[in-house]
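The values are calculated or read from the model by the stated rules, or taken from the named source; none is laboratory data. Please read all numbers here as calculations on a predicted model, not as lab measurements. Because the Cβ atoms are built from the backbone with ideal geometry, glycine has one as well, and the counts that use them run over all protein chains shown. Only protein heavy atoms, including side chains, enter the accessible area calculation; ligands, DNA and RNA are left aside. Shrake-Rupley method; radii C 1.70, N 1.55, O 1.52, S 1.80 Å.
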Amino acid sequence: MATTVTPPVPGRRRRTPLARREARWAYVFLAPWIVGFLVFTAGPMVASLWLSFTEYDVINAPRWTGLDNYRQLVADPQVARSLGNTVYYTALHVPLVMLISLGLALLLKRVGRWQGFFRTVFYLPVMTPAVAVGILFLLLLNTQDGLINRGLALLGIDGPSWTTDPGWVMPGIVLMSLWSLGSTVIIYLAALQNVPRDLYEAADLDGAGAWARFRHVTLPMISGSLFFTLIVNTIASLQMFTEVYTMYFGNRQTQGSFNSDAASFYVIHLFQEAFQFLHMGFASAMAWLLFLIILIITAVQVKLSNRFVYYEGEDR
Amino acid sequence: MSRRLRATALAGVLTLALSGCGGVGGGGDSGGGDSKGSGALSTMGFGLSDEIAKTRVDAFKKDHPDVRLNITEGAFDEQQFLSAVASGNPPDLVYMDRKLIGTYAKRGSIQPLTDCVEKQQIDLGQYRQAAKDQVTLDGTVYGIPEFSQVRVLYLNEALLKQAGLTADDVNLADWASLPAVNTKLAKVSGGRLSRIGIDPKIPEFLPMWAKANGAEMISADGAKANLTDPKVVEALTTGVKLIQDQGGWGRFKSFRDTFDFFGAQNPLAKNQIAAWPMEEWFLNQAAKNSPKAELVVKPFVDRQGKPLTMSSGQAWVVTKGAKNPDAACAFVKQMTATDTWFAAAKARAEARKAANLPFTGVWTGNTAADKKIFDELYQPTGNKRFDDAVATIREAQDAAFAMPASPAGAEFDKAWTDAVNRVLSGQAQPAEALARAQQEATAALDKAAG
């Protein structure tokens, strides 16, 4: 009597009781996150999507208005202005943070035994509460008596009106944002320290100079970190809120006395619509527009990363 | 990933938070039906930060032992309030800026107080008219007012003398004379402003300048914007010119932002400003920190020379869904009653005396209480400048107006302050900026009116 043996189907191997038990426990341990995600993220997202098609003032029941909020999004000049400001800020902030952080990380790598000290020094500002940073920079950027313009005056430069001249408000905010580049510096430093030394030695043997080593060894080897910070900083920039709100909108002393055209960021406008003007439905539509923008930008970045980012061990 | 999701679902998360955060909401059990009230009573937006608050709350507790008062201390926070309302667990009482009342009343988040006033026999006639205007929408009272901050004109007479001027020369009725006086008083050298001549205090005080010129920026019912009135445009033009003549908004504002009005190094003591309209509270600070300053306080006046001032303040409102409206009504009645205010003012006077500081009065928003405080409690300090200033402020209280309650107050305020800032930044001319603000405000007001 012939016996037939069923060959194992690749990928569908029967799991042992141990594996099943482990899987069950894995789900148990994952449950808090899954529940948290569903309740605090996915659920509200679905709710906000629904609210974006309604007129809702938080106090009374939502009223279905179809695409009205989205039509208003397109027509509202304040939305366009705040979005334009946010994109302008992102375009200035992200490359600057990446370049300066990389420069600082390269310097830090050479410091030697004092590296720990400087690493801490660079990271400390990240620990400063965002509200405090906003207030601090309002003082630093003061046209007449701020430290920044006083410093410029020493160089014979008549500093601009950082907080009141609409053309200088955004550069002032970008300047402020550099205060907290410490986390990007630390990420780059860690990446630089992981570049295998033998690659540099091989490049030396091939006669590569400092620039060639940086261009052909360092940059490819830290491209994963560069890509990560590009995405994270882009998203953070598009969400800019606390520092600017504190400086120009939330401080009782200064509220209403700054040019809100120049300092209006998208999320600040969203917050005002939601909680000050009680247009929560419209604010929800704004949130979904921002979601789509971030989604598209991130997708483009991921697509481009296939060409520029090198992951060690990856087949190319 | 979760970060991105959180960011993009901001409104959703906030909404969920609204429905989930009830920690600051009302108490568990409701009060009894008696007019004195009993049971739990919760408040939001109020704090026991000084003797004025503590004395009045203590008086209520003493007279209402059956009410368990739960005060969630802290300033009014829109998110906190809306969260509590959306979760169906609002506090019974909320203490908020009077200018917010119109919006919340229109949307039904706070209760009309008609029954409360009737049941508790609250005498609305005792409150100042300007304060009442701010808590009344479409003829219905939605709040019980507290405090009346008014604006008066402060002058540093020492600086006036240096410029060869007297207090009478700073005549706010004569707008044509102001630029010349301003130029004499201001100190600008090398593009640097080191002394402000006249600070018109715009954007904040534009409604007062407009009113002085005979224009209301919004209709009495708070429903129609009137920002394109030539008199509003003229008021803005006048204020902007005073600033431009002192080196422009950038220099002016950055210099003004360095002022510390609460310390010994205040701009009066440092001779950094010669003439400026400001809230009456600065007199307390000046009396405390610069008793020897050559301060003169005059009323802000309209173009006919008649005293005029803009009033603002707080109010108590009872929320829709309040679990203990009876106790809430009893509370607001007692908190704003003449005798309660008097007891609080007495505590303030004693505290000032103990600290060797002058007592310059309390402006309660209650006419009868103010009279009692100043007739029976207030003692002239002996410093003629400050005593005269107190008298001026007292008179100004009777000449106060307020921006009326509006169903879209926040959007209306944003529209005109944005307009002023556009002009100050050189982005637009006054008429053009106010025309745009008129459009924005009208759209918001029409939408709010439904």
Taking the conditions exactly as written (more than 9 Å from chain A (Cβ to nearest Cβ), in contact with a Leu (Cβ under 6 Å, 6 or more places away or on another chain), at pLDDT 90 or above and farther than 30 Å from A:Ser237 by Cβ), does B:Leu69 satisfy them or not? yes
Just to verify a result, which residue in segment B:230-272, among those that are touching a Gly at 6+ places or on another chain (Cβ under 9 Å) and more than 14 Å from every other protein chain (Cβ to nearest Cβ), is surrounded by the fewest Cβ atoms within 10 Å (Cβ to Cβ)? B:Ala269
Do we find that B:Ala410 is in a helix (DSSP H, G or I) and either within 14 Å of chain A (Cβ to nearest Cβ) or more than 23 Å from the chain's Cα centre (by Cα) (or both) in this structure? yes
How many residues are at pLDDT below 95 and crowded, with 16+ Cβ neighbours inside 10 Å if we restrict to segment B:203-220? 2
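Determine, yes or no, whether B:Lys201 is within 14 Å of chain A (Cβ to nearest Cβ) and in contact (Cβ under 8 Å) with a residue 60 or more places away in the chain. Give the derivation first.
Details: within 14 Å of chain A (Cβ to nearest Cβ): yes; in contact (Cβ under 8 Å) with a residue 60 or more places away in the chain: yes.
So B:Lys201 passes the test.
Take the residues in segment B:249-304 that are among the aliphatic types (A, V, I, L, M) and assigned to a strand (DSSP E or B); name whichever of them is farthest from B:Ala389 (Cα to Cα).
B:Ile273
Here is a yes/no grid of residues against (1) among the aliphatic types (A, V, I, L, M); (2) farther than 29 Å from B:Arg98 by Cα:
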| residue | (1), (2) |
| --- | --- |
| B:Ala215 | yes, no |
| B:Val233 | yes, no |
| B:Phe255 | no, yes |
| B:Ala264 | yes, yes |
| B:Trp276 | no, no |
| B:Glu280 | no, no |
Tell me which residues, restricted to segment B:415-432, are touching a residue at least 24 places away in the same chain (Cβ under 8 Å) and either within 11 Å of another protein chain (Cβ to nearest Cβ) or touching a Lys or Arg at 6+ places or on another chain (Cβ under 7 Å) (or both). B:Ala415, B:Trp416, B:Thr417, B:Ala419, B:Val420, B:Asn421, B:Val423, B:Leu424, B:Ser425, B:Gly426
Can you find even one residue in segment B:98-109 that is modelled with pLDDT under 95, closer than 23 Å to B:Phe300 by Cα, open to solvent by 10 Å² or more (accessible area, probe 1.4 Å) and touching a helix residue (DSSP H, G or I) at 6+ places or on another chain (Cβ under 8 Å)? yes
Here is a list: B:Gly37, B:Gly28. Which entry is at pLDDT 65 or above, more than 22 Å from B:Tyr104 (Cβ to Cβ), in a loop (DSSP other than H, G, I, E, B) and more than 10 Å from every other protein chain (Cβ to nearest Cβ)? B:Gly37
Qualifying helices (runs of 4 or more DSSP H) (wholly inside segment A:133-242; at least 1 residues being among the charged types (D, E, K, R) and either more than 22 Å from A:Val97 (Cβ to Cβ) or touching a Pro at 6+ places or on another chain (Cβ under 6 Å) (or both)): A:147-154, A:197-205, A:210-213
When segment B:323-375 is examined, which residues are found to be closer than 26 Å to B:Glu395 by Cα, outside any helix (DSSP H, G or I) and not assigned by TED's automatic domain parsing to the domain that holds B:Gln111? B:Leu357, B:Pro358, B:Phe359, B:Thr360, B:Gly361, B:Val362, B:Trp363, B:Thr364, B:Gly365, B:Asn366
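Take segment A:109-141 and flag every residue that is open to solvent by less than 50 Å² (accessible area, probe 1.4 Å) and out of contact with any Asp or Glu (no Cβ under 6 Å at 6 or more places or on another chain). Write out each step before concluding.
So the first thing to find is which residues in segment A:109-141 are open to solvent by less than 50 Å² (accessible area, probe 1.4 Å), and the list is A:112, A:115-116, A:125-126, A:128, A:130, A:132-134, A:137-138, A:140-141.
A:Gly112, A:Gln115, A:Gly116, A:Pro125, A:Val126, A:Thr128, A:Ala132, A:Phe137, A:Leu138, A:Leu140, A:Leu141 - these are the residues of segment A:109-141 that are open to solvent by less than 50 Å² (accessible area, probe 1.4 Å) and out of contact with any Asp or Glu (no Cβ under 6 Å at 6 or more places or on another chain).
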For segment B:157-177, what are the residues that are touching a Ser or Thr at 6+ places or on another chain (Cβ under 7 Å) and open to solvent by less than 10 Å² (accessible area, probe 1.4 Å)? B:Leu160
For segment B:387-405, state whether one or more residues are small (Gly, Ala, Ser), within 14 Å of another protein chain (Cβ to nearest Cβ) and within 23 Å of B:Val135 (Cα to Cα). no
All but one of (1) touching a residue at least 40 places away in the same chain (Cβ under 8 Å); (2) more than 14 Å from every other protein chain (Cβ to nearest Cβ); (3) within 24 Å of B:Thr364 (Cα to Cα) hold for B:Thr114; which doesn't? (1)
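Conditions (1) open to solvent by less than 50 Å² (accessible area, probe 1.4 Å); (2) free of Cβ contacts under 8 Å to residues at least 12 places away in the same chain; (3) in contact with a Ser or Thr (Cβ under 6 Å, 6 or more places away or on another chain); (4) aliphatic (A, V, I, L, M), marked per residue:
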| site | (1), (2), (3), (4) |
| --- | --- |
| B:Asn356 | no, yes, no, no |
| B:Trp363 | yes, no, yes, no |
| B:Arg385 | no, no, no, no |
| B:Thr392 | yes, no, no, no |
| B:Ala396 | yes, no, yes, yes |
| B:Ala402 | yes, no, yes, yes |
I need the full set of residues from segment A:254-305 which are over 30 Å from B:Lys201 (Cα atoms), more than 8 Å from chain B (Cβ to nearest Cβ), out of contact with any Phe, Trp or Tyr (no Cβ under 9 Å at 6 or more places or on another chain) and not aliphatic (A, V, I, L, M), in order please. A:Lys303
Could you tell me whether segment B:50-65 includes any residue that is in a strand (DSSP E or B) and either closer than 21 Å to B:Pro145 by Cα or modelled with pLDDT of 95 or more (or both)? no
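Would you confirm whether any residue within segment B:281-289 is open to solvent by 30 Å² or more (accessible area, probe 1.4 Å) and over 20 Å from the mean Cα position of the chain (by Cα)?
yes
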Does A:Leu189 meet the test of being touching a helix residue (DSSP H, G or I) at 6+ places or on another chain (Cβ under 9 Å), farther than 30 Å from A:Ser82 by Cα and open to solvent by less than 50 Å² (accessible area, probe 1.4 Å)? yes
Scanning segment A:55-99 for residues that are of a type in the set (Phe, Trp, Tyr), assigned to a helix (DSSP H, G or I) and open to solvent by 80 Å² or more (accessible area, probe 1.4 Å) gives A:Tyr88
